[in-house]
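These notes concern the structure reproduced below.
Here, each number is a calculation from the coordinates, and none is a lab measurement. For clarity, every value in this text was computed on a predicted model and none was experimentally measured. Every residue, glycine among them, receives a Cβ derived from its backbone with ideal geometry; neighbour counts consider all protein chains shown.
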Amino acid sequence: MKLPLIVIVGPTAVGKTELALQLAERLNGEIVSADSRLFYRGMDIGTAKPSAAELARVPHHLIDVANPNETWSLAVFQQKACEAIDDIHQRGKLPFLVGGTGQYIRAVTQGWTPPEVQPDEGLRAILEKLKNERGDTGIYWLHDKLKLLDPISAEKIDARNVRRTIRALEVIFTTGQPFSAQRGLSDSPYRLISLGLKRPRPELYARVDKRIESMFANGLLNEVQKLLDAGCSPTLPSLSAIGYREAVAVVQGRMTLDEAKTQMKRITRIFVRRQANWFKEEDEQINWFEVREGIVDKLESYLQEKLG
């Protein structure tokens, strides 16, 4: 018999962190983060990482597990997440997989087999060179090539995420197969109870804007300066995340604070729409709930019923 796994998904700023904390407290659970931005130590403000007080309320897994100059592949995350979930089960507790990074959620819940293709630095250098030759439009040129070869993957990967675009092309050129076909989907190894959280789009965007303003007010620029002073290259994949690349540009004098905030808000809206491609309201495997007053009690009752 498959053991249960509670999955909580939804767009950025919808309120996943607080709801997951309350539910895990009530149901003797532990939280496994499926947010690829939370892996990195020293990157707290720009990732909206749970506070020390929040982390103390419920045991968390896969937060602060790597330095910014380390790269966690999808395969590594999948292995570590499954190990954490198994450990939680063995101790008689209930695992909650929580996050908004679609491919990380799917890798665990659908038993993906990530492509075992070793990095090809020569090929990556060629793709980077082709991108750079086209200046500011290079990232879109690269993404257009992916769209031509593998439209399914292109729909899921933001054009601004050059690292993932290049990785997808690398797998395609190495194996001769679409990146999206490498996943080898299978039945889930768990008894999934998936909760999708949503808010009206204007309300969600207002929360996004407020979060971004709070990041800068709480010291995002100082956080980025400390990372750079510690030897982190501004070209690291971890520092290409939304918020960090803009903050780096401000610190380096290439962008004003107001320009950074405006760009972050615009790109985050695009990211929210892209998250909807991973977690669709028509997906019958996800039970959607609008976040409003009384939602925690409602979700607890729902989970109690599903868990039996």
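Listing for the model above:
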read-out	value
Per-residue HN-Hα couplings for region 206-219 [Karplus 6.51, -1.76, 1.60; θ = phi - 60°; Hz; x = Gly/Pro]	5, 5, 4, 4, 5, 5, 5, 4, 5, 4, 5, 5, 8, x
Relative contact order computed over the chain (Cα-Cα under 8 Å; 6+ residues apart), in percent	26
Burial ranking of peptide ranges 292-298, 61-67, 205-211 (average Cβ count within 10 Å, highest at the top)	61-67, 205-211, 292-298
Simple label model, 7 Å out from Cα along Cβ direction - Arg254 to Lys210, nm	3.3
In nm, spacing of pseudo-spin labels at Asp187 and Thr175 (7 Å Cα→C-beta vector)	2.3
Nonlocal amide H pairs with Ser194, under 5 Å, H built at 1.01 Å	Val7, Asn287
Spatially proximal lysines relative to Lys16 (Cα-Cα < 22 Å; intrachain offsets below 8 disregarded)	Lys49, Lys80, Lys93, Lys156, Lys198, Lys210, Lys265, Lys280, Lys298, Lys306
Dipole magnitude (debye, nearest 20) for the chain, charges at Cβ of Lys, Arg, Asp, Glu	460
Nearest-0.05 FRET efficiency for Glu203 and Glu133, computed from C-beta distance (R0 41 Å)	0.45
Coil-residue GluC sites (Glu not before Pro) of region 1-103, DSSP, other Cβ within 10 Å capped at 14	Glu70
FRET efficiency estimate (nearest 0.05) - Cβ-Cβ, Ala52 to Cys82, R0 25 angstrom	0.40
Separation of the Asn28 and Arg266 label points, Cα + 7 Å toward Cβ, nm	5.2
